[in-house]
Amino acid sequence: MNVVLFGPPGAGKGTQAKELTKKYGIPHISTGDILRANVRDATELGKEAKGYMDRGELVPDTVLIGLIRNRLNEADCVDGYLLDGYPRTIPQADALDGILREIGKPLEVVINIDVSDDNLVERLSGRRTCPNCGESYHIVFNPPEKQGICNVCGSQLYQRDDDREEVIRQRLTVYNQKTKPLIDYYGKAGILVNIDGSGNVDEVFQTVSGVMDKY
Ligand code: ADP
Ligand code: ADP
Ligand code: ZN
């Protein structure tokens, strides 16, 4: 199954992907998680990416294209992949197309999770993230069992620097300018499925699974 989970920041891509990867047995590839792990470990990639991420801007396409090419060539992608947070620009989508042609695993479906801007701001400002495993929680909508502690790995949760109000607004602006045009791009390619992301986590999971089950 070769899938892109698409949508604005805060739509619930990461939350859904963590469950979908268990259900369908394909790897969850989150470029945001990969970049944050590199920032945490102060790698060359992390040092290059950090400034862009803190400002709510996109990391340059060349960097992301190299990163995703390497990741998709790893052995666990033989039976498919679930991309989250990539592509975010038209050049990234064009490059992805080329890479997938090279490796013979064309994209089957792009699932666009649709959520209103007000909901996105509410979701992002209450998000708490696990620095170790990347799991995300919400202080009201999806709280961890023990306050401030990751259910999965027991690490202390934190609030991402880019989940502050000013940076959230900037990320939504960048989404509208650079990423949203991909809805039309994949619509024209005939592989886009729009779903309503306004329900709770379980409701959205049922809807997304209903789409995935067809592939
Ligand atoms: P969210 O899921 O909240 O939208 P991500 O974790 O996907 O955020 O991404 C966090 C940040 O990492 C982005 O704001 C951007 O700076 C960088 N980033 C992640 N994926 C990409 C990408 N495909 N292209 C450019 N920058 C990216
Ligand atoms: P994305 O990866 O698209 O940026 P996340 O999966 O990290 O989004 O979700 C953003 C925030 O919204 C998190 O705090 C998460 O717990 C919360 N969230 C996710 N799905 C829902 C939902 N269906 N209803 C309410 N809150 C949600
Ligand atoms: Zn964790």
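The values are calculated or read from the model by the stated rules, or taken from the named source; none is laboratory data. Predicted model, so just to flag it, every value in this text is computed and none were measured. We place every Cβ from the backbone using ideal geometry, glycine too, and count neighbours over all the protein chains shown. Surface areas here come from the heavy atoms of the whole protein model, side chains and all, with no ligands, DNA or RNA. Shrake-Rupley method; radii C 1.70, N 1.55, O 1.52, S 1.80 Å.
Accessible area per residue for region 34-81 is 54 Å², calculated with a 1.4 Å probe on protein heavy atoms, without ligands, DNA or RNA. Of the heavy-atom accessible surface of region 141-215 (probe 1.4 angstrom), what whole percent is carbon and sulfur? Exposed carbon and sulfur together represent 47 percent of the surface.
Take the Cα radius of gyration of the chain and divide it by 2.2 N^0.38 Å, with N its residue count; two decimals is plenty. Please report the intermediate quantities before stating the final value.
Details: Rg = 16.3 Å, N = 215, 2.2 N^0.38 = 16.9 Å.
It is 0.96.
Per residue, region 141-184 exposes 64 Å² of accessible surface when a 1.4 Å probe is rolled over the protein heavy atoms with every protein chain present.
Once you reduce region 35-53 and region 107-172 to the center of their Cα atoms, the two points are 19 Å from each other. Taken along the Cα-to-beta-carbon direction at a fixed 7 Å, the label points for Asn119 and Gln147 span 2.8 nm.
Report the semi-axes of the equivalent ellipsoid for region 132-215 in whole Å, largest first, where each axis is √(5λ) for an eigenvalue λ of the Cα gyration tensor.
That gives 29, 21, 11 Å for the three semi-axes.
Order 143-154, 113-124 from most to least packed using the mean count of other Cβ atoms within 10 Å. If you can, show how the numbers build up before the last one.
On the way: 143-154: 13.2, 113-124: 17.1.
Most protected by this proxy first, the peptides run 113-124, 143-154.
For Cα pairs less than 8 Å apart in space and 6+ apart in sequence, what is the mean separation divided by the residue count of the chain, i.e. the relative contact order in percent? Spell out each step's value before the answer.
On the way: 309 pairs, mean separation 63.9, N = 215.
In percent, rounded to a whole number, it is 30.
Using Cβ point charges alone (K and R +1, D and E -1), the dipole size of the chain about the Cα centre works out to roughly 220 debye. Here the contact order of region 24-106, divided by its residue count and restricted to Cα pairs under 8 Å and six or more residues apart, works out to 38 percent.
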